[in-house]
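Colleague: Please read through the structure below; I'll follow up with questions.
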Amino acid sequence: IDLTGKSAIVTGSGRGIGRAIAVKLAELGAAVTICDISEEIASATVSELRQRGLEADYFVLDVADADAARALIEKTAEKRGKLDILVNNAGINRDAMLHKMERKQWDEVIAVNLTGTYNTMQPASIQMREQKSGRIINISSSSWMGNIGQANYAASKAGVIGLTKTASRELAKYNVTVNAICPGFIDTDMTRGVPDKVWDLMISKIPMGRAGAPEDVANLIAFLASDTASYITGEVINIGGGMVL
Ligand code: NAD
């Protein structure tokens, strides 16, 4: 896969899966905008990539802020002359059983995971229609099928799938592909936060017997972002070591 000359944005890429995606795209030749709500980790990732001679800059934003998301898309396209790849990875969880869930937990998760994805896709769709090319890849989750204790998260990730499928049909004739991927259980700060008992339970559900690595996900994204994947659109691809939720 060669992404030389491509301009890419990865949201939530200061750490975890997003970081691995940004590193992979940069290693394959793309100029990558790392964006994250935390300046500290975004700038650290950029410094590391630059030290390796790779092209990267960073943008600090909360994807739930529509104006900031629009500025991210417009400024990146202006600076690099185009936007080839948008990966919507920023995501949070605020887990609780439905009967104990507070409205704040619902609102925060929907605002970041679902509205945040809309906030970048909407201006990106304008840019990509104009340039008649583009790749949008949204990070959903296998949890969309109904993970206990994650009604808010599952609803947000199911919403991302609907958004992906509709956008894929609207943008297909402009040579823009839109796909979603559903990671299973990936070893990041998000999953390291679960109690040991839950960790062991999740691993027991994975036929391959291990949590995924962020790099496993990054490899799939690199493929979907490449010219090789030009006829794949509107798809929802699981990546979970065989896990069925
Ligand atoms: P993580 O918590 O390790 O990293 C998330 C990153 O997003 C962080 O760098 C964080 O600062 C950033 N972020 C959070 N809120 C933001 C906001 N409002 N605006 C901008 N940036 C923000 O999580 P992760 O495990 O790497 O997850 C990445 C994505 O993959 C998420 O969308 C998550 O829902 C999804 N996912 C993860 C798993 C898993 O097992 N880890 C499984 C399925 C899906």
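Colleague: In percent, how large is the relative contact order of the chain, given Cα pairs closer than 8 Å and 6 or more residues apart?
Modeller: That works out to 19 percent.
Colleague: Now, a different point. More than 19 angstrom separation, counting every C-alpha pair in the range 1-118; what % is that?
Modeller: Across the range 1-118, Cα pairs with separations above 19 Å total 46 percent.
Colleague: Scan the range 112-200 for trypsin sites (Lys or Arg not before Pro) in coil per DSSP, keeping those whose Cβ has at most 14 other Cβ atoms within 10 Å, and list them by number.
Modeller: Lys132
Colleague: Name the residue, out of Ile203, Ile186, Ile110, whose mean-square fluctuation peaks in a Gaussian network model built on the chain with Cα pairs under 10 Å.
Modeller: Its mean-square fluctuation being the largest, the pick is Ile203.
Colleague: Given just the C-alpha atoms of the chain, how large is their convex hull per residue in cubic angstrom?
Modeller: Here the figure is 117 Å³ per residue.
Colleague: Which entries in the list Lys6/Lys173; Lys82/Lys104; Lys79/Lys173; Lys24/Lys104; Lys24/Lys205 go over 31 Å, if you measure between the two C-alpha atoms of each?
Modeller: Violating the 31 Å Cα-Cα cut-off are Lys82/Lys104; Lys24/Lys104.
Colleague: Picking from Asp107, Asp65, Asp57, which is most flexible by a Gaussian network model of the chain using Cα springs under 10 Å?
Modeller: Greatest mean-square fluctuation among the candidates belongs to Asp107.
Colleague: Classify the range 79-200 as rounded, prolate or oblate from the Cα gyration tensor: take a ≥ b ≥ c as the square roots of its eigenvalues, call it rounded if a/c is under 1.5, otherwise prolate when a/b beats b/c and oblate if not.
Modeller: The shape class here is prolate.
Colleague: How much length would be gained if the chain were fully extended between Glu78 and Thr166, taking 0.36 nm per residue of separation minus their Cα-Cα distance, in nm to one decimal?
Modeller: Separation in residues times 0.36 nm, less the Cα-Cα distance, equals 29.0 nm.
Colleague: Calculate what fraction, in whole %, of the accessible area of the chain sits on carbon and sulfur atoms when a 1.4 Å probe is rolled over the protein chains.
Modeller: Ligands and nucleic acids excluded, carbon and sulfur give 52 percent.
Colleague: When the chain is modelled as a GNM with alpha-carbon springs shorter than 10 Å, which of Ser204, Ser38, Ser230 fluctuates the most?
Modeller: Highest fluctuation among the options: Ser204.
Colleague: Report, to two decimal places, the Cα Rg of the range 73-115 normalised by 2.2 N^0.38 Å (N = number of residues).
Modeller: That works out to 1.74 for the range 73-115.
Colleague: Equivalent-ellipsoid semi-axes (√(5λ), Cα gyration tensor) for the range 162-217, whole Å, largest first?
Modeller: That gives 33, 11, 10 Å for the three semi-axes.
Colleague: How high is the FRET efficiency between Asp227 and Glu39 when r is their beta carbon distance and R₀ equals 41 Å, given to the nearest 0.05?
Modeller: Calculated transfer efficiency: 0.80.
Colleague: Quickly work out the Arg129-to-Asn219 label distance, labels modelled 7 Å from Cα along the C-beta direction, and quote it in nm with one decimal.
Modeller: 3.7
Colleague: Ok, one more. Quick check: Cα centre of the range 200-222 to Cα centre of the range 20-35, how many Å?
Modeller: Cα centroid of the range 200-222 versus Cα centroid of the range 20-35: 21 Å apart.
The values are calculated or read from the model by the stated rules, or taken from the named source; none is laboratory data. Since the structure is predicted, the reported quantities are computational estimates derived from the model, not experimental observations. With ideal geometry, Cβ positions are generated from the backbone for all residues, glycine too; neighbour counts draw on all protein chains shown. For accessibility, only protein heavy atoms count, side chains too; no ligands or nucleic acids. Shrake-Rupley method; radii C 1.70, N 1.55, O 1.52, S 1.80 Å.
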